[in-house]
Amino acid sequence: MLRLTWVQPEDLIGHELRQAAQDGRDASGAERRWVAAGGHLAPDRAGASATPATPELRALAEELLDELAAEPSPLAATEPAEYRAPLPPAPAPAPAPADPDTELRRLHAAWLGRAAGCLLGKPVEKLTLTGIRAIARSTGNWPLTSWFTEVGLDPEIAREHPWNRRSRPTSLAENIDGMPEDDDLNYPLLGLLLIQRHGHDFSTEDVAKLWLDELPAGRTFTAERVAYRNLLAGLEPPHTATYRNPFREWIGAQIRADVFGWTNPGDPARAAELAHRDASLTHTANGVYGEMFVAAAIAHAAGPAPTTVHETLTAALAHIPPQSRYAQAIRFGIDTAAAEPTGTPEAFEQVVDALHQRYGDHHWVHVLPNAALLAAALTHADGDFAGSVCRAVSGGWDTDSNGATAGSIAGLLAGDPDVLPSSWTAPLKNRLATTVAGFDGIGFDELARLTLEARA
């Protein structure tokens, strides 16, 4: 029996009920009707429930999805569909021409950082925080300082907290052989293709056409899969992001931001604008702000002026609505990490516990808890590469996506691939696997070159 994940109405309705509760809509009546009819709430970690619904129950799920979509969010004023940061008081001075070799090495470090951080998080994606800590402690790797391994892992812990099934064969210390395929790397490749074909004036419709041409549907998840389905059903943006899409404020757009930052160095406003166009295919509100924030942060870090991770996060906050829940999550992550006095990896566990207490009611792929964790990890590690990716992954939730974004920002700030510890970069073997046509087996040095070309 085929149970396609992330699109079954009987599963979507549970996620929409949770989304409604979090954005202030009253879904209590819809939930009572759904439960009384025999419906279940959203699966906790899987993308689909084990058994299909009856035709009658599925029809009710579709009816309730449409009813809930018609209810306006009371947060619309502070989380608008369109947002532009206030203009600076005066134009920034024109930067001095960048040295191409220096820029190439910075971008190379960013690509490597993204890949290494993603790979670190892959084997524990979908695991609970308790499971991640138990595995790392059992193998002598807590606080997390290196790749996960099953060498020395207590069999009982392995049974209780199984690895991510798809990633275990390619993402443990003992079997890493290059960078395996992951959507956290596929989307930057698509971003490159987008700019190569359409330049920086691309439209959301251009993004949609590119996906239909180049992105296999089976390589999409959550909001991206729903939007892809909507495209095939004849819907156009921005309705692709809103029609029966309870994942519209999850993390999927945030992982697509990097190329828009890398190709707009020193111009976070422009990077955020491009990110908004891309994100609007699949996401709304905080889901869109996540991509805007990360793109702005990377553009700031990629600029000509020396900067720190703390300045980078602060600069990016200026490009999203200040009263949005996303901005609140970033500030909460920064403040919680900054308030921890020691800055040690051991003490970051307390920071993570505070984040989980605040956002424990959110799905592990929702953008808000992951944004708070990203900001906390970068802040607490002071932008150090290894410290940033290890803290981001050790905090749970969407481990590979958080590791990837933390690695991208910290790698860019490191400024040179040779600065990154070889223990993190050598296993990648300068080779990326992907189903995005024309990129399988490409090296990260070549990706840096293509990214530099895309700035023109």
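The values are calculated or read from the model by the stated rules, or taken from the named source; none is laboratory data. Just so it is clear, the model here is predicted, and its values are computed rather than measured. Here the Cβ positions follow ideal geometry from the backbone for every residue, glycine too, while neighbour counts run over all protein chains shown. Accessible surface is based on the protein model in full, side chains and every heavy atom, while ligands, DNA and RNA are left aside. Shrake-Rupley method; radii C 1.70, N 1.55, O 1.52, S 1.80 Å.
Output the residues belonging to region 320-364 that are assigned to a helix (DSSP H, G or I), more than 23 Å from ASN286 (Cα to Cα) and among the aliphatic types (A, V, I, L, M).
Of everything in region 320-364, those that are assigned to a helix (DSSP H, G or I), more than 23 Å from ASN286 (Cα to Cα) and among the aliphatic types (A, V, I, L, M) turn out to be ALA338, ALA339.
Considering GLY199, GLY261, GLY287, GLY218, which residue is in a helix (DSSP H, G or I) and at pLDDT below 95?
Values: GLY199 fails: at pLDDT below 95; GLY261 fails: at pLDDT below 95; GLY287 fails: at pLDDT below 95.
Criteria check complete, one pass: GLY218.
Answer yes or no: is there a residue in region 267-278 that is surrounded by fewer than 21 Cβ atoms within 10 Å (Cβ to Cβ) and hydrophobic (A, V, I, L, M, F, W, C).
Yes, some residue in region 267-278 is surrounded by fewer than 21 Cβ atoms within 10 Å (Cβ to Cβ) and hydrophobic (A, V, I, L, M, F, W, C).
When region 24-35 is examined, which residues are found to be closer than 15 Å to GLU67 by Cβ and not in a loop (DSSP other than H, G, I, E, B)?
Our first condition is that a residue be closer than 15 Å to GLU67 by Cβ; within region 24-35, this holds for 25-34.
Passing the criteria: SER28, GLY29, ALA30, GLU31, ARG32, ARG33, TRP34.
Return the residues of region 133-148 that are of a type outside the set (Val, Ile, Thr) and not in a loop (DSSP other than H, G, I, E, B); say none if nothing qualifies. Write out each step before concluding.
Step one: filter region 133-148 for residues of a type outside the set (Val, Ile, Thr), giving 133-134, 136-138, 140-144, 146-148.
The answer is ARG133, ALA134, ALA136, ARG137, SER138.
State which residue pairs qualify: first residue free of Cβ contacts under 8 Å to residues at least 24 places away in the same chain and inside region 219-234, second residue open to solvent by less than 10 Å² (accessible area, probe 1.4 Å) and in a helix (DSSP H, G or I) in any location, beta carbons under 7 Å apart, and separation of 6 or more residues or different chains.
If the second residue must be open to solvent by less than 10 Å² (accessible area, probe 1.4 Å) and in a helix (DSSP H, G or I), the pairs left are TYR228/TRP211; ASN230/THR240; LEU231/ALA208; LEU231/THR240.
Can you tell me which residue is least open to solvent (accessible area, probe 1.4 Å) among those in region 221-244 that are part of a helix (DSSP H, G or I) and more than 21 Å from GLN19 (Cβ to Cβ)? Walk me through it before giving the result.
Filtering region 221-244 down to residues part of a helix (DSSP H, G or I) leaves 222-232, 239-242.
Okay, now just the ones that are also more than 21 Å from GLN19 (Cβ to Cβ), so 231-232.
Numbers: LEU231: 27, LEU232: 124 Å².
The residue in question is LEU231.
Give region 40-58 a look and list any residue that's surrounded by 14 or more Cβ atoms within 10 Å (Cβ to Cβ), at pLDDT 95 or above and out of contact with any Pro (no Cβ under 7 Å at 6 or more places or on another chain), or say none.
So the first thing to find is which residues in region 40-58 are surrounded by 14 or more Cβ atoms within 10 Å (Cβ to Cβ), and the list is 40-43, 47-49, 52-53, 57-58.
From the residues that got through so far, the ones that are at pLDDT 95 or above too are 57-58.
Residue satisfying the conditions is LEU57 alone.
Consider ALA110 carefully, then state whether it is assigned to a helix (DSSP H, G or I), in contact with a Pro (Cβ under 9 Å, 6 or more places away or on another chain) and not acidic (Asp, Glu).
Values: assigned to a helix (DSSP H, G or I): yes; in contact with a Pro (Cβ under 9 Å, 6 or more places away or on another chain): no; not acidic (Asp, Glu): yes.
Spelling it out, it is not the case that ALA110 is assigned to a helix (DSSP H, G or I), in contact with a Pro (Cβ under 9 Å, 6 or more places away or on another chain) and not acidic (Asp, Glu).
Can you name the condition, by its number, that ALA27 falls short on among (1) surrounded by fewer than 17 Cβ atoms within 10 Å (Cβ to Cβ); (2) under 17 Å from ASP361 (Cα atoms); (3) more than 25 Å from the chain's Cα centre (by Cα)?
Checking ALA27 against (1) surrounded by fewer than 17 Cβ atoms within 10 Å (Cβ to Cβ); (2) under 17 Å from ASP361 (Cα atoms); (3) more than 25 Å from the chain's Cα centre (by Cα), the one that fails is (1).
Starting from residues that are free of Cβ contacts under 8 Å to residues at least 12 places away in the same chain and closer than 27 Å to ALA253 by Cβ, keep the ones in region 147-197 and report whichever is surrounded by the most Cβ atoms within 10 Å (Cβ to Cβ).
ARG166
Which one is most open to solvent (accessible area, probe 1.4 Å) among residues in region 59-78 that are among the small types (Gly, Ala, Ser) and assigned to a loop (DSSP other than H, G, I, E, B)? Before the answer, list the steps.
Initially, region 59-78 is screened for residues among the small types (Gly, Ala, Ser), giving 59, 61, 69-70, 73, 76-77.
If we keep only those that are assigned to a loop (DSSP other than H, G, I, E, B) as well, we get 70, 73, 76-77.
Working: ALA70: 77, SER73: 42, ALA76: 58, ALA77: 95 Å².
Per the criteria, the residue is ALA77.
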